[in-house]
Amino acid sequence: MTVLPPLPPDLAPRAAALGPERLQRIWKAAQDFEASALGELLKPIFATTDYSQSAFGGGAGESAWRPMLVDAIAKTVEKSGGLGLARPVFDEMLRRELGRAAPAPSSLPRQEKAR
């Protein structure tokens with residue numbers, strides 16, 4: 001069981017009612033999303049590397065295992081702190097789970113209606 005991040009203050013009372021198992025599943029989904037995003041960012045690095053001069057010589061066998069290597073690296077990076085995507089994704093998933101849209105950022109200018 002992984003440790004959950006603190007619940008957003010505006011959602012904490014209602015989110016706690018979801019129960020620990022549901023909160024764990026939401027947190028795990030947010031972490032998996034971050035690992036998936038990291039994997040997508042890593043793919044171009046491995047796609048542009050010349051493996052013919054590597055220790056194993058490249059080839060079909062090595063290319064078959066490459067996607068699993070990318071996934072393993074992405075999961076390791078995520079477990080080590082990642083890019084910081086899991087937390088905001090978790091918060092938004094909680095808002096959606098509780099049926100409440102995210103609050104509008106106050107830093108955005110408001111458009112005035114035409115008269």
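Taken together, the values in this text are just the output of simple stated rules run on the coordinates, not laboratory data. Because the structure is predicted, anything quoted here is derived from the model rather than measured. So basically every Cβ, Gly included, is an ideal-geometry build from the backbone, and we count neighbours across all protein chains shown.
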* To do: Please list, or write none, the aspartates and glutamates whose alpha carbon is within less than 17 Å of the alpha carbon of residue 79, excluding same-chain residues fewer than 8 places away.
  => 32, 34, 40, 71
* With each label point set 7 Å from Cα along the Cα-Cβ vector, what nm distance links residue 80 and residue 60? -> 3.4 nm
* Structure fact -> Extension length gain for residue 71 and residue 48 (0.36 nm per residue less Cα distance), in nm, is 6.6 nm
